[in-house]
Amino acid sequence: MVETSGSEAISMRLQQVAELARRMPEASLTTLAHHIDLDLLREAYRLTRKDGAVGVDGQTAQEYAENLEENFRDLLERAKSGTYRAPPVRRVQIPKGKGRETRPIGIPTFEDKVLQRAVMLVLQAVYEQDFKDCSYGFRPGRSAHQALQRLWDGLMGMGGGWVLELDIEDFFGSLDHQQLREIVRHRVRDGVLLRLIGKWLRAGVLEEGRLTQPDSGTPQGGVISPLLANVYLHEVLDEWFVEAVLPRMRGRSFMVRFADDAVLVFADEEDARRVAEVLSKRCAKYGLRLHPEKTRLVPFRCPRPRGHAGGHRPGSFDFLGFTHSWGRSRRGSPVVRRKTARDRLTRSLRAIRDWCRTHRHLPVAEQRHALHRKLMGHYAYYGITGNGASLQRFHYEVLQAWRKWLHRRSNRARMTWVRFGNLLQHHPLPRPRVVHSVYRRAASP
C-alpha cells in the first residue's frame, strides 16, 4: 500500500506527541492512548508486512483484510476496554551458524502485529526525544552503516585507543520484565498502553504444542520488541555512559550502540580499565550478564610509523559483522580498515552453497536471478570502503559453488570451466561493488 493523505495526518499527530515529550523531558505522560484510533490502526496495517508467516491462529493478512474495517473497530474496542487477550507467540527454530545449532524465532498473529505497531508508533514518538546520539539500532532514520561510520570517524579522530567490546549473553531472552515495567513507567503512565505491554510480556510462547510463559525476555518476534529493548538499554547503558561515565573520564571517549551490540572507545587506558571493572556490575543490577569471553578490552592504538622504536601491534575487534583493524592507506598513512568478519563470511558462503545444492535442478536463468539478488544483498551491506578483498572472495566462492552444483546435476553434461565461462556470458553475476564509500560521503555537500 502506498502512503496516503491519512498517513500525513497521522504523522502530524505523532509529531505533536513528540513535541510534547520534548517540552517535558522529565514528565511521565499519562494521556497517550487516545492517539490510538482507527486512523492509526490503518497506518499500522499499511506498515505491517503482509507476506509473513502466520501465528497461532493460522490467519493470513489476506484473510484479515476480508473484513478489515470491522476487524479494526473490534480490535480498537478490545484494546481500549482491556478485554484484548494477547495470543501466545508461535516459536520455530532456524539454523544458526554451523552444525546443528539453532536459534528461536517468534511469530505473532497478524492482528497482534498491527496492534503492536500502533502502540510502537506512539511510544516511538515519545522515546525518540530521549534516546542518545550513540544509539543507532531500530530507530527511524538510523542504520547500521551510520553506526559503523560514527565508529570509524571516532577512531580516526582519536587515533585509536582502547576499545571495550561488549557482548550481553542472551539479551533479548534475559530482559527482566519487572525492571522493564519500572523503566517504562518513568516516562509513560498511560494505563491502556501499560496494560497492553504487560499482556505482551505475559503472552507466552507456543512450541510443538507446549505453552510456556517465561518471566524474562521481550515478546519474541514482536514489532514492539526492538523498541522495548532500546528503552531498556537506554537506561542501562546510554544514560549511564553519557551522564555518569563521561564526566569522570580523563581522556576522550565515546560509545556506539546498535541494539544489544556496543563498543566503548577510550583514549586513556586507565579510563578504559575503570569502566571495564564496573560495567559488569552495572549490567547485573538490571539482570543482564556479560559474556565472559566475548566482552573484552582491546588495545587499538594507532601504530607508530615504520622504523620508529617502541612500536606496538594493535589488536582487532568485531562490530556489526565487520572486523576492525589498523592498516595503511595507499599513501602509507595509518587507517582503520574494515573487512567482513570471518564468521559472517563463512555463514554467508555456507548458505549460498546449500542453496546451490538444493536448487541445482532449476532452470539456469532462475538460478542466476536468485544468485543475483543474493549477491546484491551481500554487496548492499558489506560493500564498504576497504572491504574489496572480502567482496572479491565472496564473489569467487559463489562462482565456485554454482559451477560445482551445475556440474553435479547431470552425469553426461559436465560443467567445465570453459563451458561455465560461456554460461556466465549469457547469465552474468554482478561483480563486487562498494556501495558505502567514505570518499563519496566526503565529497557530498
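The values are calculated or read from the model by the stated rules, or taken from the named source; none is laboratory data. Since the structure is predicted, the reported quantities are computational estimates derived from the model, not experimental observations. Please note: Cβ atoms are built from the backbone with ideal geometry, for glycine as well, and neighbour counts cover all protein chains shown. All accessible areas refer to the heavy atoms of the entire protein, side chains included, with ligands and DNA or RNA removed. Shrake-Rupley method; radii C 1.70, N 1.55, O 1.52, S 1.80 Å.
Before anything else, pin down the relative contact order of the chain: Cα pairs under 8 Å, at least 6 apart, normalised by residue count, whole percent. Spell out each step's value before the answer.
Working: 604 pairs, mean separation 66.3, N = 445.
That works out to 15 percent.
Given 50/113; 113/374; 294/339; 132/294; 80/113; 132/199, which pairs have Cα atoms separated by over 21 Å? Numbers along the way, then the final one.
Working: 50/113 10 Å; 113/374 28 Å; 294/339 19 Å; 132/294 25 Å; 80/113 17 Å; 132/199 28 Å.
Over 21 Å apart, Cα to Cα: 113/374; 132/294; 132/199.
Give the label of the value calculated from the structure for mean projected area of the Cα convex hull in nm², choosing from [x] 26.0; [y] 19.4; [z] 27.1.
Of the labelled values, this structure produces [z].
Students sometimes get this wrong: rank 282, 431, 187 by accessible area, probe 1.4 Å, all chains present, largest first.
431, 282, 187
Quick one: putting +1 on the C-beta of Lys and Arg, -1 on the C-beta of Asp and Glu, what dipole do you get for the range 70-182 around its Cα centre, in Debye to the nearest 20? Provide the component values of the computation, followed by the final result.
Details: 17 positive and 16 negative charges, 96 e Å.
In total the dipole reaches around 460 debye.
If packing is taken as the average count of other Cβ atoms within 10 Å, what order do 42-48, 14-20, 340-346 fall into, highest mean first? Mind dumping the intermediate values first?
Values: 42-48: 20.6, 14-20: 15.1, 340-346: 16.7.
Final packing ranking: 42-48, 340-346, 14-20.
Distance in nm between label sites at residue 425 and residue 70, each 7 Å beyond Cα in the beta-carbon direction?
Calculated label separation equals 6.3 nm.
Report residue 385's accessible area, 1.4 Å probe, all protein chains in place, as a number in Å² to the nearest 10.
Around 30 Å² of this residue is reachable by solvent.
Could you tell me which helices of the chain pass both thresholds, a Cα extent of 15 Å or more along their own axis and a mean Kyte-Doolittle hydropathy of at least -1.0, with helices taken as whole DSSP H runs? Walk me through the numbers on the way to the answer.
Details: long enough: 5-23 (27 Å, -0.35); 68-81 (20 Å, -1.09); 110-127 (25 Å, 0.71); 144-158 (21 Å, -0.07); 191-202 (16 Å, 0.78); 269-285 (25 Å, -0.94); 342-358 (24 Å, -1.22); 364-382 (26 Å, -0.77); 388-407 (28 Å, -0.61).
The answer, listed by residue number, is 5-23, 110-127, 144-158, 191-202, 269-285, 364-382, 388-407.
Among 410, 396, 429, whose Cα lies farthest out toward the positive end of the dipole of the range 356-445, if unit charges sit on the beta carbon of Lys, Arg (+1) and Asp, Glu (-1)?
410
In whole percent, and with a 1.4 Å probe on the protein chains, what portion of the accessible area of the chain is carbon and sulfur? Walk me through the numbers on the way to the answer.
Values: 11290 of 23270 Å².
Answer for the chain: carbon and sulfur cover 49 percent of the accessible area.
Using a/c under 1.5 as the rounded threshold, could you call the range 264-391 rounded, prolate or oblate? The axes a ≥ b ≥ c are square roots of the C-alpha gyration tensor eigenvalues, and prolate needs a/b larger than b/c, oblate otherwise.
Working: a/c = 3.68, a/b = 1.57, b/c = 2.35.
Verdict is oblate for the range 264-391.
Could you order the peptides 80-88, 129-137, 257-265 from most to least packed, using the average number of other C-beta atoms within 10 Å per residue? Walk me through the intermediate numbers first.
Numbers: 80-88: 14.9, 129-137: 18.1, 257-265: 21.9.
Ranked by mean Cβ neighbours within 10 Å, highest first: 257-265, 129-137, 80-88.
Run the dipole for the chain about the Cα centre, Lys and Arg Cβ at +1, Asp and Glu Cβ at -1, nothing else charged, and hand back the magnitude in debye, nearest 20.
3020 debye
If you stretched the chain out fully between residue 19 and residue 37, how much longer would it get, using 0.36 nm times the residue separation minus the C-alpha to C-alpha distance? Provide the component values of the computation, followed by the final result.
Details: separation 18, 0.36 × 18 = 6.48 nm, distance 1.97 nm.
4.5 nm is the gain from fully extending residue 19 to residue 37.
For the chain, report the accessible area per residue in Å² (1.4 Å probe, heavy atoms, rounded to an integer).
Working: 23270 Å² over 445 residues.
Ligands and nucleic acids excluded, the figure is 52 Å² per residue.
Using helices alone, what [θ] at 222 nm do you get for the chain, with -39,500 (n - 2.57) per DSSP H run of 4 or more residues, divided over all residues and rounded to the nearest 500? Walk me through the intermediate numbers first.
Details: 16 runs with 204 residues, N = 445.
Calculated at 222 nm, the ellipticity per residue is -14500 deg cm²/dmol.
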